Amino acid sequence: MPVLPGAEPFRHEGGEVGVLLCHGFTGSPQSLRPWADYLAARGLTVSLPLLPGHGTRWQDMQLTGWQDWYAEVDRALRELLDRCEQVFVFGLSMGGALTLRLAAKHGDSISGIVLVNPANKVHDPLAVALPVVKHVIRSTPGIASDIAKPGSEEVGYDRVPTRAADSLRKLFRLVDAELPQVTQPVLLLHSPQDHVVPPVDSARILSRISSTDVTETLLEQSYHVATLDFDAERIFADSYAFVGRLAESVGREGAASGG
């Protein structure tokens, strides 16, 4: 299947500091592309992969599960670790959960993580029935484009495949158990008005990780896809400053590239 316009993966070869960006469930790299472009313009090496089953049509996602999505970001991370002196991982929504799992598994090889409205649980009370429902109902209404900013839209599916949703539920349970293994510096930005992932998910994550260098920021003007919303520039600037604080070479690279 052809990839939806704007949903293509993105890669930029920059300096010795790399950033991996992980997009969300039923979404695509389009939701993080402005963030990736911002970081690339400042001299960083950037990897923004397209998760399997995403960016085409929701039916394709029925054939994938959390193991496929995690394998793709793990592969992209290993490529960056081979290429760069320092690597950071950023994630939105389910991409935040994938980021946390990478952090738990890869330890000190990741210099820091940035989470935007990270998801930790499927809160729909009917989710417990997904193991049965997925055999009867193929999809439910979509969750894309929860954005406050007029005219800003997310390239994502208008349906949620139930098989994939059941796999997502399993991923969240797994990651929740692994949160105490997360020790890296963390910047967590979340929206009080989020119609997809409630603030309780961020609170749960912050209460369970073992990191001591933690910054929490509220995105008061944005909904779930904050990277395409009113607070986008703040996310970009704060995340770059976060990297700059932990990677001394970043400022020099940015100056050298003219970014």
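Based on protein heavy atoms only, the chain ends up with 41 Å² per residue of surface accessible to a 1.4 Å probe.
Classification of the stretch 1-109 by its C-alpha gyration tensor yields an oblate form. The axis ratio a/c (a ≥ b ≥ c) is 1.5 or more, and b/c is at least a/b.
Express the carbon and sulfur contribution to the solvent-accessible surface of the chain as a percent, rounded to the nearest whole number, probe 1.4 angstrom. Don't jump to the answer; show the numbers that get you there.
Numbers: 5590 of 10630 Å².
Here carbon and sulfur together make up 53 percent of the probe-accessible area.
For residue 57 and residue 203, the difference between the fully extended length at 0.36 nm per residue and the C-alpha to C-alpha distance is 49.3 nm.
Full-extension gain between residue 149 and residue 81, please, as 0.36 nm times their residue separation minus the C-alpha to C-alpha distance.
Additional length available on full extension: 20.9 nm.
For residue 193, no residue whose modelled amide H falls within less than 5 Å of its own remains once neighbours fewer than 5 places apart on the same chain are excluded. Taken about its Cα centre, the chain carries a charge dipole of about 720 debye when Lys and Arg each add +1 at the Cβ and Asp and Glu each add -1 at the Cβ. For the chain, the mean residue ellipticity at 222 nm estimated from helices alone is -11500 deg cm²/dmol, where every DSSP H run of n ≥ 4 contributes -39500 (n - 2.57) and the total is divided by all residues, rounded to the nearest 500.
Dipole size of the stretch 1-137 about its Cα centre, with +1 on Lys/Arg Cβ and -1 on Asp/Glu Cβ: approximately 320 debye, rounded to the nearest 20.
If I build a Gaussian network model for the chain, linking alpha-carbon pairs within less than 10 angstrom, which residue out of 111, 210, 222 has the largest mean-square fluctuation? Per the Cα network of the chain with a 10 Å cutoff, 210 tops the list. The candidates 233, 16, 85, arranged from most to least accessible area with a 1.4 Å probe in the full protein assembly, appear as 85, 233, 16. Accessible surface of residue 138, taken over heavy atoms with a 1.4 Å probe and every protein chain present, rounds to 130 Å². In degrees between 0 and 90, to the nearest 10, how far off the longest principal axis of the chain does helix 162-178 point, with axes built from Cα atoms? So the helix axis and the longest Cα principal axis differ by about 50 degrees.
Could you give the angle, 0 to 90 degrees to the nearest 10, between helix 199-208's Cα long axis and the longest principal axis of the Cα atoms of the chain? Taking Cα atoms only, the helix is inclined about 60 degrees. Amide hydrogen proximity for residue 214: with H placed 1.01 Å from N in the peptide plane, the residues at 5 or more positions away or on another chain lying under 5 Å are 186. Rounded to whole numbers, the Karplus 3J(HN,Hα) couplings from phi for the stretch 4-15 are 4, x, x, 8, 5, x, 9, 9, 9, 8, x, x Hz, using 6.51 cos²θ - 1.76 cosθ + 1.60 with θ = phi - 60°, and x at Gly and Pro. Take residue 82: with every protein chain present and a 1.4 Å probe, its accessible area is about 140 Å².
When the residues 238, 108 are ordered by accessible surface, computed with a 1.4 Å probe over the protein chains alone, the sequence from largest down reads 108, 238.
Taking all protein chains as shown and a probe of 1.4 angstrom, residue 22 keeps an accessible surface of around 0 Å². Here's the picture: charge each Lys and Arg Cβ at +1 and each Asp and Glu Cβ at -1 in the stretch 75-178, and of 120, 165, 99 the one pushed furthest to the positive end of that dipole is 165. What angle, in degrees between 0 and 90 and rounded to the nearest 10, separates the Cα long axis of helix 94-106 from the longest principal axis of the Cα atoms of the chain? Approximately 60 degrees, to the nearest ten.
Note on the chain: GNM, Cα springs under 10 Å; of 124, 146, 231, the largest mean-square fluctuation is that of 124.
The values are calculated or read from the model by the stated rules, or taken from the named source; none is laboratory data. Just so it is clear, the structure is predicted and the values come from calculations on it, not from any experiment. All Cβ positions, glycine included, derive from the backbone under ideal geometry; neighbour counts span all protein chains shown. Note: accessible area is taken over every heavy atom of the protein model, side chains too, but ligands, DNA and RNA are not part of it. Shrake-Rupley method; radii C 1.70, N 1.55, O 1.52, S 1.80 Å.
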